[in-house]
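Just so you know, all these numbers are worked out from the coordinates, no wet-lab data involved. Everything numeric here is computed off the predicted structure, so don't read it as measured data. Cβ atoms come from the backbone with ideal geometry, glycine included; neighbour counts cover every protein chain shown.
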Amino acid sequence: MTTMTIAKAINEGLRAALTDNPKSLLMGEDIGALGGVYRVTDGLIGEFGPDRVVDTPLAESGIIGTAIGLALRGYTPVCEIQFDGFVFPGFNQITTQLAKIHARSNGNLTVPVVVRIPYGGGIGSIEHHSESPEALFAHTAGLRIITPSNPHDAYWMIQQAVQCQDPVIVFEPKRRYWLKGEVDVAAPGPAEDPFKAHVLRAGTEATIVAYGPLVPVALAAANAAEEDGHSLEVIDLRSISPIDFDTVTASVQKTGRLIVAHEAPTFGGIGGEIAARISERAFHSLEAPVIRVGGFHMPYPVAKVEEDYLPDIDRILEALDRALSY
Amino acid sequence: MGTHLPSTEFDGTAVDDQREADAEAVMGEPPAQMVQLLGPDGKLGFDPVFTDYASKLTPEVLRGLYADMAAIRRFDVEATALQRQGELALWVPLTGQEAAQIGSGRASQPQDYIFPTYREHGVALTRNVDLAELLRQFRGVSNGGWNPKDTNFHLYTLVLAAQTLHAVGYAMGIQRDQKLAASGAAGSGASAAGPDAAVIAYFGDGASSEGDVHESMVFASSYNAPVVFFCQNNHWAISVPTAVQTRVPLSNRAKGYGFPGIRVDGNDVIAVHAVTEWALEHARQGKGPVLIEAFTYRVGAHTTADDPTKYREAAEEEAWRAKDPLARLEKYLRSEGMADEAFFAKVKADGDELAAYIRRTTHDLETPDIRTAFANTYAEAHPLVAEELAWFEEYSAGFAGEEPAEEPARQAVSAQASPKAGH
Ligand SMILES: Cc1ncc(C[n+]2csc(CCOP(=O)(O)OP(=O)(O)O)c2C)c(N)n1
């Protein structure tokens, strides 16, 4: 076991992936000498050279589109998109091409491209640097979407993404890049399957499902609720597409109440999908409607008021109050 | 025979040649075919086309250009300090690019509409944008800060290159206005007597790689739109040198779209002014788009979150400091007796006053209420927004009477990680 930050864990995971698979390569803006604007690729160009760690022209469509071509030629490109709000020039390539090539080729072609996107707010940043666009991608079949919430998962999930034959989008919770934790570099342990949710805390009265940046918030809310005498179960979803509904269903069958929390706007978000599925699967276990806690239906607001926008402990506890009142 | 074959100009060595040439240009002499009127030595040269434009600049105008460049540099220093003191979330410095911005901005006329990226503080100054308002975005209290309709200076855009298409569309609108006005269509909103207008779209050498720039040039060319593309080639897109974006001078690209491309010394305010004035005239006269590549240099960091020592040599920066746009105009003004000590002292005093004003007003830039975000998401009433706002009011009311400070549990979480990096 060694202790490291999420940023460092991804860095080490990428190093391992580049070492294990000589046909893997990194592509992105400023990922070379600078090591990426978040320094996630720090030092890798020195070790692997500019053919494996490619500073690309400033063109997201170009990055994703050429990665697709490289993948068709047998390579495994790992693309870095600098910020959530800048993925959209590449959105066309991701949704109309990357997601569909396997299906369109009747399964004959695979495009194992990984797209890393730092996402979410809470860092006092300016416009387009704090968004959570995961639902826009999750709605597209053919993509897999994961989001680690701790260094151990980050280290393993990035490597699993590189090994996956499908395109994988890795949403990296940027406000947790500096979150430290233990990483077992010898074995993934429970992190073996990146598409499986983890029950982080057992409880009996309600379940909170969260992912990425909100996992620590959900845990803190559960701790606060415990002080008030309530027992909450906390699930780290880890995979947004596919979603491990079995783990969530089993938990709700036990607790009878479900709160889903994410930073992205509630409307049309992943929380709605979870609420609908759980109503279908565990209707008779539910003691209360599934309650969603999320961002508002507005463009991500300016930094000085983002505290009012971001779901926090209080917002989750308020949802808990509502769930318990049924 | 052989006429269709690519010439050696395009064999595999071209990219290396371009990188070498750029490296030379960075370290030493500017490349050939670059319009330059005022050299680093402060002496005025001759250009068959643009000297005519330069000779129209009166001593008063030249002093004004100097004063503007000095003011915006002083502003840049102040904003950088404010960021270091935690008053701004981020700052995007422009030092080194004053001539490119002031020269082009001053060449525009009030009826021209400007689409900036995010570094065009100098252009903003020439368009009479209150520089304190410019800081709203970087303080995190607004995603804009000024009303573009007041100054014909559009909002900053952080998604690189997106505005180049808006600029072309706006220019197509000007063309339609002109046709409507000529046809005397009633209620067209076009003023028949209004002067012809053009549009300037600013973008960087990095942004030139984005697909939107290509598409904007295609549209501009297809419809002969009155737009001037103004690329500030400051040699770096964060850590990536221009050679990764292009293997020919960026100005050459215009040829492929079928309109003129001009490379100008971006540290020579007189040449930039002349070239931009020519290009705007060209556009306003219905002759179509122009691409200007201002060959300049970002002397400082990309933003206050950036560390240039990770990717470039200090010697490069030093070489460019020797081409400083302010120093060379000062030399010229002094040697021609167009400005005396009192003038330069006044410019300095005005700069300090501007800095004090900026410092004072930055503290007062109001933090909005999130209710304004609910109000501004749509132009018309929207039921979901109303529902969420109602929830928010009820939820907030639940805290009435409580300490406004965060609760301990909440603090514990938000304190866990507050990364400061990026951009
Ligand atoms: C579409 C998009 N991708 C990435 C970014 C992140 N980013 C911000 S500035 C920058 C470099 C821009 O370089 P250039 O266009 O040369 O302009 P400069 O900042 O040097 O003036 C990058 C990559 C962005 N803002 N927008």
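A few remarks follow.
- Look at the dipole of chain B built from charges on Cβ: of B:368, B:199, B:101, the Cα furthest out on the positive end belongs to B:199.
- Look at the dipole of region A:181-287 built from charges on Cβ: of A:262, A:195, A:285, the Cα furthest out on the positive end belongs to A:285.
- For the protein assembly as shown, convex hull of alpha carbons as volume per residue, Å³: 194 Å³
- Helix-only [θ]222 nm of chain B, DSSP H runs n ≥ 4, -39500 (n - 2.57) each, per residue, nearest 500: -14500 deg cm²/dmol
- The residues neighbouring residue B:195, those whose beta-carbon lies less than 15 Å from its own, together hold a net charge of -4 under the Lys/Arg +1, Asp/Glu -1 convention.
- Reachable lysines from residue A:100, criterion Cα separation under 24 angstrom, eight or more residues apart if same chain: A:23, A:196
- Its DSSP H runs of at least 4 residues, each contributing -39,500 (n - 2.57), put the calculated 222 nm mean residue ellipticity of chain A at -9500 deg cm²/dmol, to the nearest 500.
- Summed side-chain charge close to residue B:157 - residues other than residue B:157 whose Cβ falls under 13 Å, Lys, Arg +1, Asp, Glu -1: -3
- For region B:220-282: rounded, prolate or oblate by the Cα gyration tensor [a/c cutoff 1.5]: oblate
- Relative contact order %, region B:99-240, counting alpha carbon pairs below 8 Å whose residues are six or more apart: 26 percent
- When only the Cβ of Lys, Arg, Asp and Glu is charged (+1, +1, -1, -1), the dipole of the protein assembly as shown relative to its Cα centre reaches about 1320 debye.
- Label-reachable residues, region B:61-80, where backbone N falls under 14 Å from a point 7 Å from residue B:349's Cα toward its Cβ: none
- Gyration tensor (alpha-carbon) shape descriptor, region B:96-254, a/c threshold 1.5: oblate
- Taking every lysine pair in chain B that is 8 or more places apart or spans two chains, those with Cα atoms closer than 21 Å amount to 11.
- Three-way shape call for region A:99-184 based on the alpha-carbon gyration tensor, with the a/c threshold at 1.5: oblate
- For residue A:304, the aspartates and glutamates whose Cα comes closer than 16 Å to its Cα, not counting residues fewer than 8 places off in the same chain, are A:127, A:131, A:312, B:87, B:133, B:364, B:366, B:369, B:406.
- Label-to-label distance, residue A:321 versus residue B:313, with points set 7 angstrom from Cα along the beta-carbon direction: 6.5 nm.
- Across all C-alpha atoms in region B:163-285, the radius of gyration and Dmax reach 16.0, 53 Å.
- Using a cutoff of 8 angstrom between alpha carbon atoms and counting only pairs six or more residues apart, the relative contact order for chain A works out to 16 percent.
- Scattering from region B:331-388 was approximated by placing one identical point on each alpha carbon and applying the Debye formula without solvent; log10 I(q)/I(0) at 0.20, 0.28, 0.30 1/Å stands at -0.83, -1.04, -1.11.
- Spacing of the two label points (7 Å from each Cα toward its C-beta) at residue B:336 and residue B:392, in nm: 5.5 nm
- Relative contact order (%) - region A:193-305, alpha-carbon pairs under 8 angstrom, separation at least six: 29 percent
- Calculated FRET efficiency for the pair residue B:109/residue B:183, C-beta based, R₀ 30 Å, to 0.05: 0.75
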